[in-house]
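The values are calculated or read from the model by the stated rules, or taken from the named source; none is laboratory data. Note that the coordinates shown come from a computational prediction; the quantities given were computed from them, not determined experimentally. Cβ: placed from backbone, ideal geometry, glycine included. Neighbour counts: every protein chain shown. Surface areas here come from the heavy atoms of the whole protein model, side chains and all, with no ligands, DNA or RNA. Shrake-Rupley method; radii C 1.70, N 1.55, O 1.52, S 1.80 Å.
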Amino acid sequence: MAANNNRRMSGKKGAQVGSGGQRRKGLEGKGPTPPAEMRKKHKKNRIATAQAKRAQGRPTSRTGGPRGKSTSEMVVGRNPVVEALREGVPASTLYVQQFIDNDERVREALQLAGERGGIHLMEAPRPELDRMTNGLNHQGLVLQVPPYEYAHPEDLVAAAFDEGQDPLIVALDGVTDPRNLGAVVRSVSAFGGHGVVVPERRAAGMTAGAWKTSAGTAARTPVARATNLTRALEQYQKAGLAVVGLAADGEHTVDDLQALEGPVVIVVGSEGKGLSRLVGETCDFRVRIPMPGGAESLNAGVAAGVVLYEAARRRA
């Protein structure tokens, strides 16, 4: 029995030299364990750090969505490129095919790009331009349009109040044609409005086509993008704005609505479907434009221009 005990004891370590109390502090507790987000090298800490970095310099999404950028766009073909440069569409780079036939349009494109300044001129082989444009018929000219920087919906109201003015804003619901967006931007600028709001999804954005139709006014009239248009309109209501929706069967006519004299956001739907159900239910007033000629509807650009003119006339 003694032998067995010796065998069991033989595997144990012998006496250890003590620290003489020098390591007593190491035995003291370090307090409660910090949460995972605060512990370095922990997965949740890395996630929290990354989220904080992304949030720097970007406002919190309060009503419809944060400021943001669209993706860059390519204008391809000799005539489209020349027209975009003539209309002042923002551009970062003009790509020209190597050994291109130097006709009148190519010369004009190069001249316009040089006169504007800030546009890089790049020569590229045809296969590279084919790759950039996914095989479109670029005719040796490709113009790169930089991403558009959208405002936040609340920025438009803040800018108006900062100027001591009642906000005059147009929101587009279901408008998918960039030319209509450009026309609305032009009308807002012409009648002293403070900007345009578009939904983030299933809606026209500030493309080269919208820039061209705006005739340069997009450079001074902000366009905001809302993640959810209904919520953005509800926040406008909380800020004191009347939400006026245009509808063919509206209870009011545009010439008898006093709400246009104060802070207001005018909501324009698509030509075919009009206002969506939720947006229509959010509106404080539903307004129609009298049309003695018998037309059933107006496109978004024309409809917005009519109401903006009436609002500007009342405020003059």
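State the number of residues belonging to the range 209-250 that are β-branched (Val, Ile, Thr), open to solvent by 20 Å² or more (accessible area, probe 1.4 Å) and over 18 Å from the mean Cα position of the chain (by Cα). Don't jump to the end; show me each part of the working.
Start the filter on the range 209-250 by keeping residues that are β-branched (Val, Ile, Thr), which leaves 213, 217, 221, 223, 227, 230, 243-244.
Imposing the further condition that a residue be open to solvent by 20 Å² or more (accessible area, probe 1.4 Å) reduces the set to 213, 227, 230.
Checking the rest, the ones that are also over 18 Å from the mean Cα position of the chain (by Cα) come to 213.
Result for the range 209-250: 1.
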| Scope the range 155-192; condition more than 25 Å from residue 72 (Cα to Cα), open to solvent by 10 Å² or more (accessible area, probe 1.4 Å) and not aliphatic (A, V, I, L, M); matching residues | 161, 162, 163, 164, 165, 166, 187, 191, 192
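Rundown of residues vs (1) modelled with pLDDT under 90; (2) touching a helix residue (DSSP H, G or I) at 6+ places or on another chain (Cβ under 9 Å); (3) under 25 Å from residue 228 (Cβ atoms); (4) among the acidic types (Asp, Glu), yes/no style:
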{"position": "31", "(1), (2), (3), (4)": "yes, no, no, no"}
{"position": "38", "(1), (2), (3), (4)": "yes, yes, no, no"}
{"position": "41", "(1), (2), (3), (4)": "yes, no, no, no"}
{"position": "69", "(1), (2), (3), (4)": "yes, no, yes, no"}
{"position": "76", "(1), (2), (3), (4)": "no, yes, no, no"}
{"position": "91", "(1), (2), (3), (4)": "no, yes, no, no"}
{"position": "94", "(1), (2), (3), (4)": "no, yes, no, no"}
{"position": "97", "(1), (2), (3), (4)": "no, yes, no, no"}
{"position": "106", "(1), (2), (3), (4)": "no, yes, no, no"}
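Can you confirm whether residue 202 is on the phi > 0 side of the Ramachandran plot, of a type outside the set (Phe, Trp, Tyr) and either modelled with pLDDT under 90 or part of a helix (DSSP H, G or I) (or both)?
So residue 202 passes the test.
Restricting to the range 84-94, name every residue that is open to solvent by 40 Å² or more (accessible area, probe 1.4 Å) and out of contact with any Lys or Arg (no Cβ under 7 Å at 6 or more places or on another chain).
The answer is 86, and nothing else.
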| Matching residues in the range 258-279 - criterion: being surrounded by fewer than 17 Cβ atoms within 10 Å (Cβ to Cβ) and either out of contact with any Leu (no Cβ under 9 Å at 6 or more places or on another chain) or small (Gly, Ala, Ser) (or both) | 258, 261, 262, 272, 273, 277
